[in-house]
């Protein structure tokens, strides 16, 4: 198993192992094998809570491979977003209660946070607490099948986190643009909840969870973009126009070279954020999320353009990546929201 400080060779080996498993076990059935054979669910969780004690670079190595294959699994929603919120909460009892199941992959957790407008503002969650939980949260990752909810709610003393039994809520599976990203809407009406360190304002924990998850989403986007570019380059070597493969045309070579630069700069943004010190993470996470969202959107658009008519058919995989590009760009904040965050962070770094 990997450990903190893992070098490039170990990260590459981890990525190769994940890719090999996804190749032989595609789709939803891959998750139990990824957890049982490689231990991906616990990579970012400390050893004292049942995890591997690795770090964000290891998590990103896995997410990049999951992005290549669009594998539907709760890695992002449970093992990253929800787990990071619990880790950052400071509640030792909650960590010991919730994290071992998440780390083993035997329990799926979902963070219930955003409202209908899709704003992941750490200071303004969709739900509220007055001794009971009220409100309706949208875009809950893996919310339809999660065994535990971590609910962010406004309280009289700021923002709180609450452990909630999903059976006490009304949850409805959404119909997302990207069918490989399960989302749900969760309604809480006089719902009981178990406070997670109710002595502290948890907006900082939510901000930390958002930043870490933005880097994880960006890693996914890099994996998807790299795969789309590879498939596009391969197709241009096969498609013949005017008696020769279209890859020979200089204009298309320039376009694909630009896409390569875009993918590699996106990858650099991810790894800079993944290896960032804690105080640098908000800035670099915003850079990664904004840049990688734009990069994947452009690469998938060019994939469709350069494949021609076949790419707009239901049978071709291009539409799946195009939908992932647009769906993931909205997740955890649109690019323009993160650019606005950058402005604030640069002008007022304190």
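The values are calculated or read from the model by the stated rules, or taken from the named source; none is laboratory data. Not measured: the values here are computed from a predicted model. Ideal geometry is used to build each Cβ from the backbone, glycine not excepted, and the neighbour counts take in all protein chains shown.
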Practice task
Within the stretch 261-272, identify whether any single residue is in contact (Cβ under 8 Å) with a residue 12 or more places away in the chain, in contact with a helix residue (DSSP H, G or I) (Cβ under 6 Å, 6 or more places away or on another chain) and surrounded by fewer than 19 Cβ atoms within 10 Å (Cβ to Cβ), and answer yes or no.
Solution key: yes
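Out of 161, 141, 133, I need the residue that is touching a residue at least 60 places away in the same chain (Cβ under 8 Å), under 24 Å from residue 95 (Cβ atoms) and more than 24 Å from the chain's Cα centre (by Cα). Which one?
Working: 161 fails: more than 24 Å from the chain's Cα centre (by Cα); 141 fails: more than 24 Å from the chain's Cα centre (by Cα).
When all the criteria are applied, what remains is 133.
Residue-by-condition table, conditions (1) part of a helix (DSSP H, G or I); (2) more than 15 Å from the chain's Cα centre (by Cα); (3) assigned by TED's automatic domain parsing to the domain that holds residue 303:
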position	(1), (2), (3)
216	yes, no, yes
226	yes, yes, yes
231	yes, yes, yes
238	no, yes, yes
273	yes, no, yes
279	yes, yes, yes
284	yes, yes, yes
Fill in the blank from the handout: Selection from the stretch 109-127 of residues more than 14 Å from residue 186 (Cβ to Cβ) and in contact with a strand residue (DSSP E or B) (Cβ under 8 Å, 6 or more places away or on another chain) yields 118, 122, 123, 124
Problem - Which listed residue is out of contact with any helix residue (DSSP H, G or I) (no Cβ under 7 Å at 6 or more places or on another chain) and farther than 20 Å from residue 289 by Cα, from 27, 55, 50, 105 - result: 27
Fill in the blank from the handout: In the set 148, 212, 186, the lone residue that is outside the structural domain of residue 56 (by TED's automatic domain parsing) and out of contact with any strand residue (DSSP E or B) (no Cβ under 9 Å at 6 or more places or on another chain) is 212
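Being outside the structural domain of residue 329 (by TED's automatic domain parsing), over 17 Å from residue 14 (Cα atoms) and surrounded by fewer than 24 Cβ atoms within 10 Å (Cβ to Cβ): is that true of residue 116 here? So that I can check it myself, show each step before the final result.
Details: outside the structural domain of residue 329 (by TED's automatic domain parsing): yes; over 17 Å from residue 14 (Cα atoms): yes; surrounded by fewer than 24 Cβ atoms within 10 Å (Cβ to Cβ): yes.
Taking the combined requirement at face value, the residue satisfies it.
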Exercise for the section: Hey, can you tell me all the residues within the stretch 123-148 that are under 27 Å from residue 105 (Cβ atoms) and part of a loop (DSSP other than H, G, I, E, B)? Expected result: 125, 142, 143, 144, 145, 146, 147
Exercise for the section: Check whether at least one residue in the stretch 171-179 is assigned by TED's automatic domain parsing to the domain that holds residue 143, in contact with a helix residue (DSSP H, G or I) (Cβ under 9 Å, 6 or more places away or on another chain), over 14 Å from residue 88 (Cα atoms) and surrounded by 19 or more Cβ atoms within 10 Å (Cβ to Cβ), and report yes or no. Expected result: yes
Exercise for the section: Quick one: which residue in 341, 324 is at pLDDT below 95, assigned to a helix (DSSP H, G or I), closer than 23 Å to residue 211 by Cβ and touching a helix residue (DSSP H, G or I) at 6+ places or on another chain (Cβ under 8 Å)? Expected result: 341
Handout entry: One residue from 85, 93 being outside the structural domain of residue 182 (by TED's automatic domain parsing), modelled with pLDDT of 95 or more and touching a strand residue (DSSP E or B) at 6+ places or on another chain (Cβ under 8 Å)
Key = 85
Practice task
Scan the stretch 192-209 for residues that are surrounded by fewer than 24 Cβ atoms within 10 Å (Cβ to Cβ) and outside any loop (DSSP other than H, G, I, E, B) and jot them down.
Solution key: 194, 195, 203, 204, 207, 208
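Quick check, is residue 96 over 30 Å from residue 167 (Cβ atoms), in contact (Cβ under 8 Å) with a residue 12 or more places away in the chain and part of a helix (DSSP H, G or I)?
Details: over 30 Å from residue 167 (Cβ atoms): no; in contact (Cβ under 8 Å) with a residue 12 or more places away in the chain: yes; part of a helix (DSSP H, G or I): yes.
Here the answer is no, as residue 96 does not meet what is asked.
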Problem - Residue check for residue 252: in contact with a helix residue (DSSP H, G or I) (Cβ under 7 Å, 6 or more places away or on another chain) and within 27 Å of residue 121 (Cβ to Cβ) - result: no
Practice task
Would you tally the residues in the stretch 60-73 being surrounded by 24 or more Cβ atoms within 10 Å (Cβ to Cβ) and within 14 Å of residue 35 (Cβ to Cβ)?
Solution key: 3
